[in-house]
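Asker: Mind having a look at this structure? Questions to follow.
The values are calculated or read from the model by the stated rules, or taken from the named source; none is laboratory data. Just so we're clear, the structure is a prediction, and the values are computed from it rather than from any experiment. Here the Cβ positions follow ideal geometry from the backbone for every residue, glycine too, while neighbour counts run over all protein chains shown. Areas reflect the complete protein model, heavy atoms only, side chains present, ligands, DNA and RNA absent. Shrake-Rupley method; radii C 1.70, N 1.55, O 1.52, S 1.80 Å.
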Amino acid sequence: MSDVRPGDPTADQVRPTWQRAIVHSVDRSIGARIRDGRLRDVDWPRGLRALVGLGAGLIVLACLIALTSGWLRAGGELIVASDLESSMPAGMHSVMVVLLVLTVSIGQTAGMHAPWWLTVISTTICAVFIGLYGLIGVALTGPLVPGLVAVLIVGLICFTVVRHRRRFAWWEFVVVLSVIGVGVALGMGTWAARSRQFGAELIPQLTHGTVQNLMVLAMPAAVAAGTAVAELSVGLTVAAAAQIERIPGWRWPYVLLAVLAAVRLGEVGWRILRLDPVHSGWLAVLPATVILVLLGVVIGGLLRIAERFTAAPVTISDLPEDLGRVALPFGAVIVAAGLPLIVAGTIYAIVIGFDPVGAATRPTSDPITPITELIDVIRLGLAAALVVFAMRLVRRGRAMRAVLFGGIAVTVAATSMRVVVAQRWAIWFDPDTVNLLASAAVLLGIGWYAVRRRLTQRRAVAASTLLMLCLLFSLRQFLGDPVGELVGYSGVGLVVFGLLWDLMTSSAWGNGDSRRFPRPTRVLLVLTNTALLAVVVAYASLVRDAGGLSLDDFAELGDLVLGVGLLAAVFAVVTQAFVRDRPLD
């Protein structure tokens, strides 16, 4: 976005100082993203503003619980579930159940006015959610409470059918919240009474299972949240480079380049001295070289094709915003590709539960390995489809998104390399090694042009941008690790930062309106998507559970696949500008 107003001097007439360049860079990469991507009160109907405030407060509270989970666990009594698999600070179970009830109620209110398939999904989720607390264990709880809960579920379904596709009304949320809240409260009250009789905490186990079921719905948002650090770091670097390039003076580009080259060279040397010969030896260098070459071939080829079919160059500064638009759909596709493994593992555990002794004596027949190989094949197919789709996009003049898809295609394929060699070689995708090789290539390129006396000011700025990208990539975990050390739970900082960033910068689709997806439905879906991820992360941080509630793994997958794909696309475009001695945008 341009910050030049009508009547002001043009951008070429205003020569920025260092202070102006910094302010403009921050505003363009952060301020403009928030202004363009946040929810806006665009003719909201009565009551929607209050619901948005409730949802925003819910998200903030869940994030605060996640970030303070270490102090909450250390400051009071821990309640251990009856299965002895999880523990939570006393009193927090009720808080988490309330947050879950509010989140599911907002989602059901949105689903009421959505297309029929989304209405069916949201209503099914609500029925299962209420049933997990109020319908199971009839032999222990008696038929009265399950009968009342069944009536509530039927009433919710009837209410949804009656209100489906009608205009949004604020009192719908009150009705839905009342039905879900009463159903869950009846179930929890009955199970609390049974817990005192049996001398064991049964409600924590129910809540644990409920959150595990809902976690599948939060996985795509977790993958999208993992791209936040890459989006922010790339946006700041590119915006700063585009502004700093216009600052008068011929010496400073070379001074900046010399400083960054010295810092990066020192860090590369330090990392090489500390390389693990087992994890980062030749088995990591050789695949990293292949990946780097593939990135150059795929993205470089797309850039060459783009020059033939479109006159407009790829706008580097718009690539992070473009990733923000497609991150959630990509997260859904990546999670869907991994669902067979989750389903197979669940079915295998159920089958083994019928005859655990016999399973221990039989030869190993674990289906997880073949399912994992199947997922690798699916991901390779997805990578090939992305390349084909990127070529079609670039022929239609959409070079920016095509280049982004090309980078993501290579990173998706890189996560499934072992299937190419039939699992015979222990190779893996090590992005840090790829970064080291890319840094070495940049330093060699700088030396080559310097020796030939062709290192112009533009090339110096482009080379500084490349080195800064490499340096920021090495430090991409700067947010998650310190916060994880502070709260005692690794990865929580990355997810919390990512979900808040996505809410502020990638929610513009909620401002639209259509007959199939009216504006209130879009707004409430935005809140539900973020709130569900925030509540699941808060719960996982409180219980410190290692048995399936590690959403940070999906955030790291988003950083590995989508974040690295973005960095690769930007790196390739800046490299082209460096070689051709062109200005950055």
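Asker: Considering only residues of the range 442-456 that are assigned to a helix (DSSP H, G or I) and loosely packed, with under 15 Cβ neighbours inside 10 Å, which is farthest from the chain's Cα centre (by Cα)?
Answerer: VAL451
Asker: Specify which of the listed residues (LEU524, LEU542) is modelled with pLDDT under 90, among the hydrophobic types (A, V, I, L, M, F, W, C) and open to solvent by less than 10 Å² (accessible area, probe 1.4 Å).
Answerer: LEU542
Asker: Could I ask something else about it? Given the structure, is TRP509 modelled with pLDDT of 85 or more, among the aromatic types (Phe, Trp, Tyr) and over 30 Å from ARG35 (Cβ atoms)?
Answerer: For TRP509, the condition - modelled with pLDDT of 85 or more, among the aromatic types (Phe, Trp, Tyr) and over 30 Å from ARG35 (Cβ atoms) - is not met.
Asker: Within the set of pairs 6+ apart or on separate chains, which have a first residue in the range 378-392 that is open to solvent by 70 Å² or more (accessible area, probe 1.4 Å), a second that is not in a helix (DSSP H, G or I), and C-beta atoms under 6 Å apart?
Answerer: none
Asker: Please tell me if ARG459 is out of contact with any Leu (no Cβ under 8 Å at 6 or more places or on another chain), surrounded by 19 or more Cβ atoms within 10 Å (Cβ to Cβ), over 16 Å from LEU567 (Cβ atoms) and modelled with pLDDT of 85 or more.
Answerer: It is true that ARG459 is out of contact with any Leu (no Cβ under 8 Å at 6 or more places or on another chain), surrounded by 19 or more Cβ atoms within 10 Å (Cβ to Cβ), over 16 Å from LEU567 (Cβ atoms) and modelled with pLDDT of 85 or more.
Asker: Residue by residue through the range 177-187, note down the ones that are crowded, with 17+ Cβ neighbours inside 10 Å and not small (Gly, Ala, Ser).
Answerer: LEU177, VAL179, ILE180, VAL184, LEU186
Asker: For the range 55-135, please list each of the helices (runs of 4 or more DSSP H) lying entirely inside it that holds at least 3 residues being open to solvent by less than 10 Å² (accessible area, probe 1.4 Å).
Answerer: The helices (runs of 4 or more DSSP H) meeting that bar are 92-111, 116-134.
To keep it simple, each residue is scored yes or no on (1) more than 22 Å from ILE375 (Cβ to Cβ); (2) open to solvent by 50 Å² or more (accessible area, probe 1.4 Å).
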position: GLY300; (1), (2): yes, no
position: ILE305; (1), (2): yes, no
position: VAL314; (1), (2): yes, no
position: ASP318; (1), (2): yes, yes
position: GLU321; (1), (2): yes, yes
position: GLY324; (1), (2): yes, no
position: PRO329; (1), (2): no, yes
position: ALA332; (1), (2): no, no
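Asker: Take ILE291 and decide whether it is within 24 Å of ASP430 (Cα to Cα) and modelled with pLDDT of 85 or more.
Answerer: Here the answer is yes, as ILE291 does meet what is asked.
Asker: State yes or no: is GLU231 closer than 27 Å to ARG458 by Cα and modelled with pLDDT under 80?
Answerer: Criteria not met by GLU231.
Asker: Are there any pairs, at least 6 apart or on different chains, whose C-beta atoms fall under 7 Å, with the first in the range 157-183 and under 17 Å from VAL120 (Cβ atoms) and free of Cβ contacts under 8 Å to residues at least 24 places away in the same chain and the second open to solvent by less than 70 Å² (accessible area, probe 1.4 Å) and not hydroxyl-bearing (Ser, Thr, Tyr), and if so, which?
Answerer: Partner pairs satisfying both residue conditions: PHE159/VAL175.
Asker: Now for a separate question. Got a number for residues in the range 265-288 being open to solvent by less than 100 Å² (accessible area, probe 1.4 Å), more than 30 Å from the chain's Cα centre (by Cα) and modelled with pLDDT of 80 or more?
Answerer: Going through the range 265-288 one residue at a time, the tally reaches 1.
Asker: Among (1) of a type outside the set (A, V, I, L, M); (2) more than 30 Å from GLY70 (Cα to Cα); (3) in contact with a Phe, Trp or Tyr (Cβ under 9 Å, 6 or more places away or on another chain), which single condition is TRP117 missing?
Answerer: (3) is the only condition that TRP117 fails.
Asker: Is there any pair linking a residue in the range 562-585 that is on the phi > 0 side of the Ramachandran plot and open to solvent by 40 Å² or more (accessible area, probe 1.4 Å) to one that is part of a loop (DSSP other than H, G, I, E, B) and small (Gly, Ala, Ser), with Cβ under 6 Å and at least six apart or on different chains, and which?
Answerer: From residues that are on the phi > 0 side of the Ramachandran plot and open to solvent by 40 Å² or more (accessible area, probe 1.4 Å), there are no pairs.
Asker: THR415: at pLDDT 85 or above, of a type outside the set (A, V, I, L, M, F, W, C) and open to solvent by less than 60 Å² (accessible area, probe 1.4 Å), yes or no?
Answerer: In short, no.
Asker: Looking for something farther than 30 Å from VAL229 by Cβ, in contact with a Pro (Cβ under 8 Å, 6 or more places away or on another chain) and open to solvent by less than 60 Å² (accessible area, probe 1.4 Å) - is there at least one such residue anywhere in the range 25-44?
Answerer: yes
Asker: Of all residues in the range 451-464, which are of a type outside the set (D, E, K, R) and over 16 Å from TRP252 (Cα atoms)?
Answerer: VAL451
Asker: Name the residue, out of LEU386, LEU341, that is modelled with pLDDT of 85 or more and not aromatic (Phe, Trp, Tyr).
Answerer: Going through LEU386, LEU341 in turn, the sole match is LEU386.
Asker: Counting only residues that are of a type in the set (D, E, K, R) and modelled with pLDDT of 85 or more, which one in the range 143-176 is least open to solvent (accessible area, probe 1.4 Å)?
Answerer: It comes out as GLU172.
Asker: So for the range 512-520 (the condition being crowded, with 24+ Cβ neighbours inside 10 Å and modelled with pLDDT of 85 or more), does at least one residue qualify?
Answerer: Scanning the range 512-520 turns up at least one residue that is crowded, with 24+ Cβ neighbours inside 10 Å and modelled with pLDDT of 85 or more.
Asker: Another one. Can you name the residue in the range 209-223 that is under 23 Å from ALA90 (Cα atoms) and open to solvent by less than 10 Å² (accessible area, probe 1.4 Å) and, of all such residues, is modelled with the highest pLDDT?
Answerer: Among those residues, the one meeting the criterion is VAL211.
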